[in-house]
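*Asks:* Got a structure for you, written out below as structure tokens; questions coming shortly.
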């Protein structure tokens, strides 16, 4: 690890827990991810998701096995004894190579061509060519090269420098550019210094990083041997680069085939993905942009990202036409019952399926049925709600499939002659006429503020009277008895509804319509409610949460102090405020 480490930020974060200290670490740095995981371990249970994040982190840090074990031991130590976090600062320092910067003496000039040369102020004799190897190991040499007083321009100097570089502990942020140029030009011992050079500039400012990398790349491209060595080094030390530095290195992707860099950048973005649906879509779009930018437009990972964006957007009642068309042009599956598959498209899809993906962060890949459901949800929206013409999508789908689907949508719209090219039989039309649908749209909210009016959107067909039975759940009894999260499959047989409501409609039986239903009888108080809709023999159920409670805690010498916050982030202080922990009530 580089020596210019963020010791101040580490200590401030560990001791005070200030978020600003954590945010001061560079985005994408292994240090920042390290402390994000530590924060979670201090404040959360070790869930499978968190364990996966730790495993992924340990996979990405240096290959040195002892380094991994030390990191894991610190994680375990923090988890078991969070109150001792101050004591582990030294462990952190040792793990990441923290140390004090040496102070150096006043700079002097060195020139091999002159056996003696005086410092302008001290008149000190400088070493001649015979003791360069000794001089190059001194603190004075370090300060001289930082100040630019030394311009190494002879092969003997470069050879000695290359042989001793690894032990010099130089900070390349401090070396002037013209000195760097001299160091890299015609460097016979180049391969000996390439690794420590790149490691030294990992935390350099971006413009400086780019300049140094340009010098390295220009030298590496001269020989296939050094080109391969540089590519392998970058691949094996990916974790040491910041996000912006990876982007800078990707300028040379064509020269070095930096697939691993693209993978790393995407993995980092995906590892930080939010639980919030809107933020997840935003991150996935950034990943898609990266994949397209680096020529992965039609590969398996891009298809997965696209279908995930489509799925998440639909759950927010967002239907992006361009994203939909981009996906159906090259879908994940060569499903001929849905898509129009020619040989070229089939070969491309099959090639994607055979890929050994270099991307470790896999978004969930839908199966055949899930893929079909998402596609039909979009076709239904565009044909039924936006009333788009048949020709908008027919070229992408199996002819029989798309004609039948379009005809059904026309029937639901109330068309007198819905069937395209008589593709639906009279029996099928009769069945559609008798069909009943009662669906709670999946883009409805589940959580509402205490004083917020509750409205739900339903899709209904062939229902003239809709009953709404509202059940208020005794959450304290439920959670105490079941010790698990509330499940909407709870049996309500024999239970009398807390509130009831009735809605009447006069739509034609063939019409499939959306209805916005106001549940006005829900009280303006915090609670958990099950709303069960019943119409024409069909039942659909929604769980509504009004208000919100959450628990936070802080570590003290005597243990944990816990607070319960309401939806306005106010500390709850009522008589019934408390927690059940291991069947013990703590007020």
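What follows is calculated from the coordinates using simple rules that are stated; it is not laboratory data. As the structure is a prediction and not an experimental result, all values here were calculated from the model. Positions of Cβ are backbone-derived with ideal geometry, glycine not excepted, and every protein chain shown enters the neighbour counts.
*Asks:* Measuring from label point to label point, each 7 Å out along Cα→Cβ, what is the residue 55 to residue 441 span in nm?
*Replies:* 3.9
*Asks:* Using a Förster distance of 41 angstrom, determine the FRET efficiency expected from the C-beta separation of residue 417 and residue 499, and round it to 0.05.
*Replies:* Working: r = 44 Å, r/R0 = 1.08.
Result of the calculation: an efficiency of 0.40.
*Asks:* A further question on this structure: If packing is taken as the average count of other Cβ atoms within 10 Å, what order do 468-474, 263-269 fall into, highest mean first? Kindly include the intermediate steps, with their values, before the conclusion.
*Replies:* Working: 468-474: 17.6, 263-269: 21.1.
For the peptides 468-474, 263-269, the packing ranking is 263-269, 468-474.
*Asks:* At a temperature of 37 °C and a viscosity of 0.692 mPa s, determine how fast segment 252-353 diffuses translationally according to Stokes-Einstein, using the Kirkwood radius over alpha-carbon pairs as Rh; express D in µm²/s, rounded to the nearest whole number.
*Replies:* In µm²/s, the coefficient rounds to 223.
*Asks:* What does the convex hull of the Cα atoms of segment 479-554 come to per residue, in Å³, rounded to a whole number? Intermediate results must be reported in sequence, preceding the final value.
*Replies:* Working: hull volume 12.3 nm³, N = 76.
Taking only Cα atoms, segment 479-554 has a hull volume of 162 Å³ per residue.
*Asks:* Okay, next question. For a protection proxy built on the mean count of beta-carbon atoms within 10 angstrom, sort 559-569, 227-237 highest first, please. Mind dumping the intermediate values first?
*Replies:* Details: 559-569: 12.1, 227-237: 16.4.
For the peptides 559-569, 227-237, the packing ranking is 227-237, 559-569.
*Asks:* Per-residue counts of other Cβ atoms within 10 Å, averaged by peptide: what ranking do you get for 479-488, 539-548, 391-400, highest first? Don't skip to the end; give the middle numbers.
*Replies:* Numbers: 479-488: 10.3, 539-548: 17.4, 391-400: 14.9.
Packing proxy ranking, top to bottom: 539-548, 391-400, 479-488.
*Asks:* Given points 7 Å out from each Cα along the Cα-Cβ axis, report the residue 218 to residue 387 separation in nanometres with one decimal.
*Replies:* Each label point lies 7 Å from its Cα, and together they span 6.5 nm.
*Asks:* OK, next. For the pair residue 272 and residue 138, how long in nm is the line joining their label points, each one 7 Å along Cα→Cβ?
*Replies:* 4.6
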